[in-house]
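The structure under discussion appears below in the form of structure tokens.
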């Protein structure tokens, strides 16, 4: 039965969420960036066996908790003059009063620049223009800005990801999938039952080569719906440098969520 328990290290108690699953074959232990400790257990394993395993990893758990606690909290506000990353570029946030909430990419003159080249070396600072009604409270404005920015990122991200999906579908010998961008709590990407691909909007805050890798990864899943050797062989065939993207995703991905 799923539930909560704990492990003890140096006299301190650490809560653990225990999740049983018929799909698991081995006991798995995860320490999340927010401090949650999750123990995933095969359905036929005993709770005592699982907790004994977790207790044997208590020192490892504490080291990871300390490492996460030492990380700086990523800035997620939308104040004027702040910055936000998107598709390998850093955008300066400009806030203005408007009749409605909106978010768009713009040049310093306010002209639309959504179709500008990805490299901004010759274009000057890239700007994300946000408009919010004057009568919004600070809390309302912050929430509205976040919703508007995520909508913009999903829309623009879908457009920019499509060429990647087509490229790797051709390399892998599968039909080009429909690609969607949305927020996901636990996955960077996934395939749909109808051979579509969903990419987590948060990964669009990372480097372009990591974003491209996520698309390649999911396209390869259209051929191999597992993480067996043949799947990784296909990933390496279509994107030989994928290991560096995997490394960055594991080490830096916490900054984007």
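Only residues that are within 15 Å of residue 4 (Cα to Cα) and under 21 Å from the mean Cα position of the chain (by Cα): list them for region 29-49, please. 29, 30, 31, 35, 36, 37, 38 - these are the residues of region 29-49 that are within 15 Å of residue 4 (Cα to Cα) and under 21 Å from the mean Cα position of the chain (by Cα). Of the set (1) touching a residue at least 40 places away in the same chain (Cβ under 8 Å); (2) surrounded by 15 or more Cβ atoms within 10 Å (Cβ to Cβ); (3) touching a helix residue (DSSP H, G or I) at 6+ places or on another chain (Cβ under 9 Å), all apply to residue 58 but (3). Looking for something without any contact (Cβ under 8 Å) to a residue 40 or more places away in the chain and in a strand (DSSP E or B) - is there at least one such residue anywhere in region 171-179? Yes: region 171-179 contains one or more residues that are without any contact (Cβ under 8 Å) to a residue 40 or more places away in the chain and in a strand (DSSP E or B).
Taking the criterion of being surrounded by fewer than 12 Cβ atoms within 10 Å (Cβ to Cβ) and part of a strand (DSSP E or B), would at least one residue in region 15-26 satisfy it?
Pass one, region 15-26, residues surrounded by fewer than 12 Cβ atoms within 10 Å (Cβ to Cβ): 15, 22-23, 25-26.
Next cut, part of a strand (DSSP E or B) only: 15.
Yes.
Rule-based calculations on the coordinates, nothing more; no lab input. Keep in mind that what you see is a predicted model, and the values were worked out from it rather than measured. Glycine also receives a Cβ, built like all others from the backbone with ideal geometry; neighbour counts cover every protein chain displayed.
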